[in-house]
Amino acid sequence: MGDVNEKNWEAQLPPQDASHGCRSLFVLPTGYSDYRHVRDSFQASDAPTLYRFHVTGDATEVEQTELFRSNTAKNKLVIVPVTSGDGTPAQIRLYGGIYALGSARNQASFLGHAKMLSTRDGLMCMNPIIVERELVGKVVPTYRKLDKQDSSAQWREVLNALASPGIMDRVEAQVGAQIGLSFDELLARTGFRFGAGAFFRALHNPISPEQGADALSWSKSIGANALLYASLSASRSEGSASAAFSMVGMDALHERVTVRLTSDQLAAISEITAFISTVGIRRMLLSGDVGTGKTLSYLLPAIAAAQAGHRVAILLPNSLLVASVIDQITHLKSGVAARSFTADNKARRVETTTDGCLHIGTTALISGGQTYDLVVVDEMQKFSVGQRQALLRPRGKLIESTATCVPRSQALISFAGTPVSRLKERPFIRQVTTQMLCGSDGRSELSRRIHETVSTGKQAAVVYSLRSKKGERRSAEQAHAELEKRFPGRVGLLHGAMSEADKQSVIERMTDNDLSLLVCTTVLELGITLPSLSLLAVVNPERFGLTTLHQLRGRVGRHGGEGRFVLYHEEHPEGDAALRSDVLCRVDDGFVVAEEDLRLRGMGDLLRGGEQAGKSRLLFENLSITVEDVLEAASTQPKNTTTPECEVAIFATSGILD
């Protein structure tokens, strides 16, 4: 190491709060810089290397090309002539001026970490990282800026935490409180057998970049196993210790059904009946696209449970669906008195009784203060975990029904084995084509299709994200006024701010074919059936999620036939918006759409259910875990506890186990 003066760098670390230090161990490095050896001769290489630079002349500011020209000081280009220890000449190019060298700008020699490039003007490197002498001989991790701490400050905190007495006990306590499993037990599930201390030392203070990279690889496996265990724990907490409930009159209810039930519906009814009448699993999912008959599939078992004297509730997202379900119950003539709870007839708190009942309502049902033996949540993606659980008795059963699960629920199905009954078969043939249109040409094509649809006596609908105009974004009210001029007396307007009576009037005029074109917001998404709707276009679909878009697509061809679903982007979509449009154009199965949504949005809070989508915040702060990672962890359970020989060598020969 030449004349480099070594210092006991860790000994100079300031004291840190123990709990905060524990958290810092779970912030993953983004990479590692190898400062183990100082090279005294320059050599062209794509790999960053630690060099000893000797300044041989004054720094010179040079004229930049138009590509780099800027009036700001940080974009100044300065060239510094240097030589290596053996006299090899080179130049340092500093974008940002001489101050980019930091404390080294006034030194005759310094250590820098950089790539040395071979150019027609000789050897050259750009903006080397200045390395303090006390870091020589180390492999230094780099971290993203966190809590206003730069990478160097974070490493100091991590090293201080690793040296703190009892730190691994605190790690065990933190992980145990978070997921209910000790960190050493979690490591054992992945097959890592060297213990928590060895893992964190390899991660944050490795003896080689290879050892650090290996620890990063292990962290992904550990994180995936943590998510898998969390999903299993969540499934157990949401689905254990349920009672078995009797059912009465299922055969008679089947006889009163006036439509032909599909084989999928019959199977679903049988599976739900078995679920209700069996001790154990507390929660199941009924999955089926619009038109596959989900309502009747859960309604018959729910009525049978109420007839047996059990308390049953059906939670729905809007009053239109409440009215529809009440109407279906009436037609079944079961004799069960169904009571509705909506904003218009919001229930006062009702004393709980032991008598059987069937209550159907929106979230107004929750304010009634009652709990139930069986709770059915239709369109479950519209409710939080808390709302879904609020109506359930301690040993009750929960049935969630949807066309597209929220990502968290889909993860619990994929990873934790939540029972699911799927409806794929429809009682009619339906073929809906999904198409993406963009820009002015797309707008012209959409206008042509709307005119063609209306002119041939069919119906169309155009969905906007806004009711009234805000800024440059087009709105439903604005579009309605424009389209009314083209099709006078044939265009309806529907949005959430309208009264229930006005909404119902517009829906009836569409149903009776008094209107040919409907301009609306996403109020159309749930509870509205327009049998003659053959074209539905969504303007600016990038403002909607996959679930909402798929639900809107379900409005087309509700009773069979051909239809078209159009995604109109004013500009060509990018990023996640482009991915969502691509999913919808190639996938029409709601269950598969939900799986794609899970991959795009993340699993959310699997353990507590606070977030239904997004990055899972388990263990590591900045670790990206994919669905495939967790499925891989699930496929290898129980995992072989032996560790590959190459990994044994990396850890066992490093001193990391001492």
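The values are calculated or read from the model by the stated rules, or taken from the named source; none is laboratory data. Just so it is clear, the model here is predicted, and its values are computed rather than measured. Here Cβ is always computed from backbone atoms with ideal geometry, including for glycine, and neighbour counts include all displayed protein chains. The protein model used for the area step is the full one, side chains on, heavy atoms only, and it has no ligands, DNA or RNA in it. Shrake-Rupley method; radii C 1.70, N 1.55, O 1.52, S 1.80 Å.
Peptide packing for 496-502, 150-156, 578-584 was compared via the average number of neighbouring C-beta atoms within 10 Å per residue; ordered from the highest value, the list is 578-584, 150-156, 496-502.
Summary of the geometry: region 157-225 and region 489-547, compared by the centres of their Cα atoms, lie 54 Å apart.
GLU484 to THR258: FRET efficiency via 1/(1 + (r/R0)^6), r the Cβ-Cβ distance, R0 30 Å, to the nearest 0.05? Show your work: numbers first, answer last.
Values: r = 40 Å, r/R0 = 1.32.
In this case the efficiency is close to 0.15.
Taken along the Cα-to-beta-carbon direction at a fixed 7 Å, the label points for ALA501 and THR371 span 4.1 nm.
Between the listed residues VAL257, ALA267, ALA304, the Cα displaced farthest toward the positive end of the dipole of region 244-306, a dipole computed from Cβ unit charges relative to the Cα centre, is found at ALA304. The simple spin-label model puts a point 7 Å past each Cα toward its Cβ; for GLU134 and ASN513 those points are separated by 8.5 nm. Solvent-accessible surface (1.4 Å probe) assigned to SER532 amounts to roughly 50 Å².
The C-alpha radius of gyration of region 418-523, expressed as a fraction of 2.2 N^0.38 Å, stands at 1.26. Less than 5 angstrom separates the built amide H of LEU515 from those of MET510, all sequence-distant by 5 or more or on a different chain. For the pair SER164 and SER444, a Förster radius of 41 Å applied to the C-beta separation gives a FRET efficiency near 0.05, rounded to the nearest 0.05.
With the highest mean first, a sort of the peptides 440-447, 505-512 on other beta-carbon atoms found within 10 angstrom per residue produces 505-512, 440-447. Counting heavy atoms of the protein chains alone, SER340 has an accessible area of about 40 Å² for a 1.4 Å probe.
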